[in-house]
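Student: Before I ask anything, let me first share the structure, which is written out below as structure tokens.
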Amino acid sequence: MAIPFEELNKINPSHIIELFELELIVGKHIATGNPQGLPTIYRFHAGANLNSFSELIYRQNSYQRVAVETQGFEKNSTGSLSRPTITFSNLGGIVRNPSTGIARTMSDFLANVNKVTPHNDLLGAKLTRKMPLASALDDGNFITASNPFNPNVDTSNGTDDRLRDEIFVIDRKAIENRRVVQFELTQAHDLENKLIPQRVVTRDIFPAVGTFA
């Protein structure tokens with residue numbers, strides 16, 4: 001991943017596109033062995049960037065348009081770590097099985113998850129926030145089959161120019177009603193009962209341990 005400092009420092013830099021990847025765990029959110037062959041990663045975007053109401057293609061991966069709103073991703077140097085929220089419309093949904101192409105409401109999506117692990121509600125699922133520049137999108141997104149934001153670079157398969165990925169874990173379901181389903185996120189290193197360090201440091205793998213003055 002190359003952080004595009006040169007592009008961001010331009011007078012008129014490209015738009016920053018917000019993409020999401022929701023990663024489920026087989027045996028926890030999907031039945032052990034995944035007998036239905038369901039995807040474990042669901043890619044989507046909110047359509048708020050570039051006024052796109054269709055799928056976006058980035059690095060040859062398709063991100064489906066989902067009615068979703070996020071809050072709380074702002075960073076600060078003081079106080080506790082941020083705990084953003086992501087809110088899905090419960091009127092539309094995510095295509096759970098690409099072979100059928102049928103969009104399921106988030107409540108239906110959760111019902112299938114809870115058949116595997118009762119009352120799980122997607123807890124522990126990983127959510128990655130990706131922020132590529134518009135100039136990094138694949139050519140297939142544009143009618144002209146060429147990325148107009150980056151005409152001098154081969155973007156047939158997109159480029160890796162994006163801001164640093166932000167990785168979160170779903171910590172709890174905050175709201176579920178007929179209109180919306182909202183989840184509270186926590187940063188991957190801010191989980192309750194998580195031990196730091198996770199690995200015991202011993203002299204055989206780090207000879208200098210215990211020798212510092």
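The values are calculated or read from the model by the stated rules, or taken from the named source; none is laboratory data. Nothing here was measured: the structure is a model prediction, and the numbers come from that model. Here the Cβ positions follow ideal geometry from the backbone for every residue, glycine too, while neighbour counts run over all protein chains shown.
Student: F44: at pLDDT 90 or above and either of a type outside the set (A, V, I, L, M) or assigned to a loop (DSSP other than H, G, I, E, B) (or both), yes or no?
Tutor: Against the criterion (at pLDDT 90 or above and either of a type outside the set (A, V, I, L, M) or assigned to a loop (DSSP other than H, G, I, E, B) (or both)), F44 qualifies.
Student: Moving on. Out of the residues in segment 10-40 that are within 25 Å of F142 (Cα to Cα) and surrounded by fewer than 17 Cβ atoms within 10 Å (Cβ to Cβ), which is modelled with the lowest pLDDT?
Tutor: Once the filter is applied, the top-ranked residue is I11.
Student: Here is a list of conditions, (1) touching a residue at least 60 places away in the same chain (Cβ under 8 Å); (2) touching a helix residue (DSSP H, G or I) at 6+ places or on another chain (Cβ under 6 Å); (3) of a type outside the set (A, V, I, L, M), and K126 meets all of them except one; can you say which number that is?
Tutor: (2)
Student: Just the residues that are polar (S, T, N, Q) and part of a strand (DSSP E or B), please, taken from segment 165-182.
Tutor: Q182
Student: Here is a follow-up. Exactly one condition in (1) at pLDDT 80 or above; (2) on the phi > 0 side of the Ramachandran plot is not met by G101; state its number.
Tutor: Of the numbered conditions (1) at pLDDT 80 or above; (2) on the phi > 0 side of the Ramachandran plot, the odd one out for G101 is (1).
Student: Turning to a different aspect of this structure: On the given criteria, is L122 out of contact with any Ser or Thr (no Cβ under 8 Å at 6 or more places or on another chain), surrounded by 14 or more Cβ atoms within 10 Å (Cβ to Cβ) and part of a loop (DSSP other than H, G, I, E, B)?
Tutor: yes
Student: To continue, here is another question. Counting only residues that are part of a loop (DSSP other than H, G, I, E, B) and in contact with a Leu (Cβ under 9 Å, 6 or more places away or on another chain), how many does segment 125-164 have?
Tutor: Total satisfying the criteria: 9.
Student: Let me ask something additional. Among the residues that make up segment 191-213, is at least one of them modelled with pLDDT of 80 or more, assigned to a loop (DSSP other than H, G, I, E, B) and under 30 Å from S107 (Cβ atoms)?
Tutor: No, every residue in segment 191-213 fails to be modelled with pLDDT of 80 or more, assigned to a loop (DSSP other than H, G, I, E, B) and under 30 Å from S107 (Cβ atoms).
Student: Considering only segment 150-157, I want to know if a residue exists there that is buried (at least 16 other Cβ atoms within 10 Å of the Cβ), over 16 Å from T40 (Cα atoms) and touching a Ser or Thr at 6+ places or on another chain (Cβ under 9 Å).
Tutor: Scanning segment 150-157, I find at least one residue that is buried (at least 16 other Cβ atoms within 10 Å of the Cβ), over 16 Å from T40 (Cα atoms) and touching a Ser or Thr at 6+ places or on another chain (Cβ under 9 Å), so the answer is yes.
Student: Counting only residues that are surrounded by fewer than 13 Cβ atoms within 10 Å (Cβ to Cβ) and not charged (D, E, K, R), which one in segment 62-84 is modelled with the lowest pLDDT?
Tutor: The qualifying residue modelled with the lowest pLDDT is G79.
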